[in-house]
Amino acid sequence: MIIRDARVIVTCPGRNFVTLKIETDQGIYGIGDATLNGRELSVASYLTDHVVPVLIGRDAHRIEDIWQYLYRGAYWRRGPVTMTAIAAVDTALWDIKGKAAGLPLYQLLGGRSREGVLVYGHANGADIEQTVETVGRYREAGYRAIRAQSGVPGVKGAYGVGSGAGKIYEPADTALPQETLWSTPAYLRHAPKLFEAIRVAHGEEIELLHDVHHRLTPIEAARLGKALEEYRLFWMEDATPAENQEAFRLIRQHTTTPLAVGEIFNSIHDCRTLIQEQLIDFIRTTVVHAGGITHLRRIADLAGLYQVRTGSHGATDLSPVCMGAALHFDTWVPNFGIQEYMAHAPETDEVFPHDYRFEDGYLKVGDTPGHGVDIDEALAAKYPYNPKQLPVARLEDGTLWHW
Ligand code: CS2
Ligand code: MG
């Protein structure tokens, strides 16, 4: 089955998405998500200018060989732009293989390991009271696991608290990055109070998660992990930046709060030390940013050896195409932990028709061949690209900080 054509579709139904569509000589096509939030056009160009020309004429069934060709063949390995582009090709080819076989993607990976994929939703609030209330709404909607974030007194624009009912809070309203404030002392005083209030209001059963968004030093992260132990988090996410993987040794020595990291990782090498030294409990690499199904499977298999479970990133800047592929992966992967799920805006769902559905705290994939997500190109064309940037954070004295 020969690749006859491939093209990139950039659209903004609620937020920006980049999608690769690969067509074969047998009339079967596949699609892959290529969205890198705030850097969308760099991946679009990487694909259009450098990848598409070398895809035409290749056998669409040779997923592994094409992956190696794009990874090794480029000479310049790894990095978010390269790995997102490779992921888009890989996802589209798995989609094609599934359609050609007449099988849903999870069947090609080894079949079903579970009936549904446990997901966590996002409960945000301007203050503790509001977050406690939002957690209640998620519980009523059937969620069994909920990530809780709240505004920090005196800290304007703290991570995870924004407009749009918590659905779109990352991109700034202008083309220039929004500048937010960060105060570690204020946050460290506040976070334990948030989880105390949630446990008092909602009891022990609900699983709670929290995202620190790379803001702390290792020793501060250790302190927070310790302070949160009594509230029994499912995980504390991105407690400190992990370019230096060894930093997690220090956190680990001090706390039994489970640790998750990896949404910005793009290769197995970014998490090798963390996994092999059992410094984390959950690896958050995802289909679109970590080289597609082919590479994510290698990461998960390595993690499985060390009882590290998966917990893929699933914010709304990852398109429904990534979500569909991720859910097939999650349905199969033996060492599954949890899947992040922020429902997309209705206009996004219309552009990307899909067969996955939320039921009683779980997402369930359908049996459509491939990954079960499509793109309505005519509708996508009605939503032109709208340049947006992720915010930046500064300390009170003006120092640029981690966002
Ligand atoms: C976050 C994301 O979902 C998460 O855990 O860290 O919202 C992240 O900030 C965005 O996906 C960045 O594009
Ligand atoms: Mg995160």
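The values are calculated or read from the model by the stated rules, or taken from the named source; none is laboratory data. Predicted model only: the values in this text are computed from it and were never measured. Note: ideal-geometry Cβ built from the backbone for every residue, glycine included; neighbour counts use all protein chains shown. To get the accessible areas, we keep the full protein, side chains included, count just its heavy atoms, and leave off ligands, DNA and RNA. Shrake-Rupley method; radii C 1.70, N 1.55, O 1.52, S 1.80 Å.
Of all residue pairs spaced 6 or more apart or on separate chains, those with beta-carbon atoms under 8 Å, a first member in the range 296-320 that is more than 19 Å from VAL365 (Cβ to Cβ) and more than 16 Å from ligand 1 (Cβ to nearest atom) and a second member that is open to solvent by 10 Å² or more (accessible area, probe 1.4 Å) and assigned to a helix (DSSP H, G or I) are ARG298/ILE268; ILE299/ILE268; LEU302/ILE268; LEU302/ARG272; LEU302/GLN276; TYR306/GLN276.
With the requirement that a residue be within 16 Å of ligand 2 (Cβ to nearest atom), open to solvent by less than 10 Å² (accessible area, probe 1.4 Å) and outside any loop (DSSP other than H, G, I, E, B), what does the range 263-281 give you? Steps first, please.
Looking only at the range 263-281, we keep the residues that are within 16 Å of ligand 2 (Cβ to nearest atom), and these are 263-266, 270-271, 274, 280-281.
Subset that is open to solvent by less than 10 Å² (accessible area, probe 1.4 Å): 271, 274, 280.
Within the range 263-281, just LEU274 meets the criteria.
Kindly evaluate GLY38 against the criterion of being within 16 Å of ligand 2 (Cβ to nearest atom), within 23 Å of LEU318 (Cα to Cα) and open to solvent by 10 Å² or more (accessible area, probe 1.4 Å). In short, yes.
Within the range 115-149, how many residues turn out to be open to solvent by 10 Å² or more (accessible area, probe 1.4 Å) and within 16 Å of ligand 2 (Cβ to nearest atom)? Even if it seems obvious, please write down each step before you answer.
Initial filter on the range 115-149 (open to solvent by 10 Å² or more (accessible area, probe 1.4 Å)): 115-116, 118, 124, 126-130, 132-134, 136-144.
Next, from what is left, pick out any that are within 16 Å of ligand 2 (Cβ to nearest atom): 124.
Qualifying residue count for the region: 1.
For the range 150-167, a tally of residues being modelled with pLDDT of 60 or more and within 12 Å of ligand 1 (Cβ to nearest atom) returns 4. Of everything in the range 215-262 that is within 18 Å of the chain's Cα centre (by Cα), at pLDDT 95 or above and part of a loop (DSSP other than H, G, I, E, B), the residue that is surrounded by the most Cβ atoms within 10 Å (Cβ to Cβ) is ALA239.
Restricting to the range 281-295, count the residues that are within 15 Å of ligand 1 (Cβ to nearest atom) and farther than 25 Å from THR35 by Cα.
At the first step, the residues of the range 281-295 found to be within 15 Å of ligand 1 (Cβ to nearest atom) are 282-290.
Add one more test, that the residue is farther than 25 Å from THR35 by Cα, and what stays is none.
Total satisfying the criteria: 0.
For ASP349, the stated conditions do not hold, so it cannot be described as more than 18 Å from the chain's Cα centre (by Cα) and surrounded by fewer than 22 Cβ atoms within 10 Å (Cβ to Cβ). Meeting the requirement of 2 or more residues that are under 19 Å from GLY262 (Cα atoms), the helices (runs of 4 or more DSSP H) wholly within the range 305-401 are 320-332.
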